[in-house]
Amino acid sequence: MNDQAPRRRPARPAKPHRRPKKDPVRILAFEVLRAVDERDAYANLVLPPLLRKAREKAAAGKDGGASQDGGTGKNATGGNGGTGKDGGPGFDARDAALATELVYGTLRRQGTYDAIIAACVDRPLREVDPPVLDVLGLGAHQLLGTRIPSHAAVSATVELARVVLGDGRAKFVNAVLRKIAADDLDGWLEKVAPPYDADPEDHLAVVHSHPRWVVSALWDALGGGRAGIEDLLEADNERPEVTLVARPGRTTVDELMHAVGEDSGLPGRWSPYAVRLAEGGEPGALDAVRESRAGVQDEGSQLVAIALANAPLDGPDQRWLDGCAGPGGKAALLGALAAERGAALLAAEKQPHRARLVDRALAGNPGPYQVIAADGTRPPWREGVFDRVLVDVPCTGLGALRRRPEARWRRRPEDLDGFAPLQRGLLREALRSVRVGGVVGYATCSPHLAETRAVVDDVLKGRGGPAPTAELIDARPLMPGVPALGDGPDVQLWPHLHGTDAMYLALLRRTA
Ligand SMILES: C[S@@+](CC[C@H](N)C(=O)[O-])C[C@H]1O[C@@H](n2cnc3c(N)ncnc32)[C@H](O)[C@@H]1O
C-alpha cells in the first residue's frame with residue numbers, strides 16, 4: 001500500500017484571458033436579428049443601412065471591429081471576416097453578402113433550426129434567452145445551411161457569443177453547437193420532423209420551415225399533392241431575383257439592359273417591361289431608378305397592372321384609379337400605361353406618408369395624374385366615374401415570404417379577421433367607383449383563400465353589404481405566355497411555378 005500522500009501536481013498557470021475576436025459580419029447579423037426580435041423590425045429595412053455604415057466605417061479606416069485572421073485578408077469562416085484585402089480593417093462585398101445570407105437564411109430557416117436546437121438543449125426553447133437563441137440560430141445556419149466548414153462555424157459563433165453574450169453563455173453556445181455539428185441537415189430532419197405519413201403538415205412545417213397554419217393555407221390554395229407544396233415551400237426559402245420595370249414611355253428594356261450591363265441583366269420571363277438583375281446588382285445606383293423612369297418591381301406585380309390595363313373595355317377609357325396605391329409600384333406602371341392611351345390616373349392612399357412615396361414614384365409620369373391621401377372605403381370621389389380601377393388591398397403578405405424572411409413567424413391566423421372587412425369594403429367601393437361596363441382589378445399579395453376568392457365571392461353575392469352587380473372576367477388571356485394559370489377566371493401566380501410573388505388577381509366588370 002502506498003501510504004505516501006499523493007504528490008500535488010504543480011498548479012498549471014492560469015490561461016491568460018484572451019479577448020474575444022470581433023467579427024463585424026457576424027456582429028452585424030446578430031444586431032439585425034435582435035432588431036427583428038426586439039422591436040419587430042423588418043430585416044430588409046434594417047440590414048441595408050447597417051451594411052452601408054459598416055462599409056463607410058471601414059472605408060474611413062476606423063477600427064470597424066475587424067476580426068484578426070492573421071492579416072491574410074481571408075479566413076475559413078466565409079467572407080473576409082471584415083478584414084480588408086490589405087489585411088487592414090475592411091468590409092467588402094463578400095462580407096456584405098455573408099452578412100445578408102446569415103440574416104436571411106437564419107430567419108427563413110428558423111422553424112427548422114428551432115426544432116433542431118430544441119433537441120440539443122435540456123429545457124424548453126421559451127426558457128432560453130432570445131439573444132442566446134439568435135446566436136444559436138446563426139450557428140445552426142452556418143453549420144447546416146452554408147458551406148462554411150463545421151469547425152469554423154462553431155468557433156466563429158462561439159467568438160460571437162463571447163462578444164455579445166459573455167464567456168459564460170458562450171460555453172453553453174459551444175456545447176449546443178457541437179451537438180448540432182454531429183449531424184448534417186438531412187440527418188437532423190430525420191430525427192426531429194414527424195414522418196410525412198403520420199402528419200404531413202407538421203412534417204412539411206419542420207422540413208421547410210413554415211408555421212403549420214401557413215403550410216395548411218398555402219396547400220389549400222395550391223391544391224394538388226406533396227410535390228407541388230414542397231416546391232412552393234422551398235421556393236419561399238430562396239432569395240428572389242431583383243427585377244426592374246422599365247416604365248413605358250419613360251425608358252425601355254433595352255436602355256435598362258444597357259445601363260445594368262449585358263452581363264448583369266436578363267429580360268423578364270413574362271412582362272415585356274421587366275429586366276432581371278444578376279446577383280449583386282445595385283438597382284438604387286441606376287439613374288433610371290433614381291429618376292423613377294424605372295423601378296424595382298416583381299414581375300407578378302407588373303403582370304397585375306398590365307392585365308388590368310389590357311382588360312377589354314367598351315366605351316371611354318380615360319380615367320383610371322389606383323385605390324390602394326402606396327408605395328406606388330403598380331401606380332407608376334399604371335400611370336405610364338395610362339399615359340400611352342391618353343388616360344389620367346388618380347392614385348389614392350390612406351396613409352399620408354405612403355402617399356408621398358406614391359408621389360415620388362409617379363414624379364415625371366408622362367401623362368396626367370394626381371396623388372391624394374384618401375380612405376378607399378369612404379372615397380371622396382363621385383360614384384361611377386372611373387373606367388379602370390385597381391385595388392391592391394392590404395393583406396397578410398403570405399405571397400411575398402421570399403422577400404420578408406421574418407413575416408411568416410410574425411403573422412397569425414387571427415390577422416385574417418383583421419383584414420377581412422377592409423378587403424371587402426375596398427372591393428365594394430372600387431365597384432361603386434367604376435362606371436357600368438368598367439373593370440375593377442382586385443389584387444392581393446397573398447394566395448390565402450380567405451383573402452382572395454372568399455372576398456370576391458362575398459362581394460359578388462352581396463354578403464356583408466350591398467355592392468353594385470358585377471361579373472368576373474377571365475384574367476388568364478391577359479397574361480399571354482404565362483403557363484399554369486389554373487382554371488380561371490381569376491389568376492393565382494406562384495413563386496415555384498412563375499418565379500414571381502404569389503400575386504392574386506380577379507378582374508370584375510361592373511354590370512349595373
Ligand atoms: C398592398 S399595399 C399596395 C401596394 C401598391 N399597390 C404597390 O404596388 O406599390 C396596400 C396599401 O393600401 C393602403 N391602405 C390601407 N387601407 C386603405 C384604405 N382604407 N384606403 C386606401 N388605402 C389603404 C396601405 O396603406 C398600403 O399602402
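In table form, for the structure just shown:
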| quantity | calculated |
| --- | --- |
| Qualifying position, being more than 9 Å from the ligand (Cβ to nearest atom) and under 11 Å from residue 388 (Cα atoms), among 352, 312 | 312 |
| Counted residues, the stretch 242-264 - those being surrounded by fewer than 17 Cβ atoms within 10 Å (Cβ to Cβ) and either touching a residue at least 60 places away in the same chain (Cβ under 8 Å) or not assigned by TED's automatic domain parsing to the domain that holds residue 275 (or both) | 1 |
| Set 317, 322: member being touching a Lys or Arg at 6+ places or on another chain (Cβ under 7 Å) and either free of Cβ contacts under 8 Å to residues at least 12 places away in the same chain or away from the ligand (no atom under 16 Å from the Cβ) (or both) | 317 |
| Those residues of the stretch 122-153 which are of a type in the set (S, T, N, Q), within 21 Å of residue 238 (Cβ to Cβ) and either over 23 Å from the mean Cα position of the chain (by Cα) or surrounded by fewer than 20 Cβ atoms within 10 Å (Cβ to Cβ) (or both), in sequence order | 146 |
| In the stretch 377-402, the residues that are touching a Lys or Arg at 6+ places or on another chain (Cβ under 7 Å) and within 12 Å of the ligand (Cβ to nearest atom) | 390, 392, 396, 397 |
| Any helices (runs of 4 or more DSSP H) falling wholly within the stretch 159-212 and containing at least 2 residues that are closer than 25 Å to residue 129 by Cβ and without any contact (Cβ under 8 Å) to a residue 60 or more places away in the chain | 167-180 |
| Looking only at the stretch 444-458, and only at residues there that are under 16 Å from residue 475 (Cβ atoms) and more than 18 Å from the chain's Cα centre (by Cα), the one that is farthest from the ligand (Cβ to nearest atom) | 457 |
| Test: residue in the stretch 157-177 that is at pLDDT 95 or above, within 22 Å of residue 207 (Cα to Cα) and surrounded by 14 or more Cβ atoms within 10 Å (Cβ to Cβ) | yes |
| Matching residues, the stretch 403-431, being part of a loop (DSSP other than H, G, I, E, B), within 16 Å of the ligand (Cβ to nearest atom) and at pLDDT 95 or above | 411 |
| Residue match in the stretch 98-121 (condition: surrounded by fewer than 18 Cβ atoms within 10 Å (Cβ to Cβ), at pLDDT 95 or above and outside any helix (DSSP H, G or I)) | yes |
| Hey, residue 34 under 28 Å from residue 151 (Cα atoms) and at pLDDT 95 or above or not | yes |
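The values are calculated or read from the model by the stated rules, or taken from the named source; none is laboratory data. Model, not experiment: these values are computed from the prediction. Here Cβ is always computed from backbone atoms with ideal geometry, including for glycine, and neighbour counts include all displayed protein chains.
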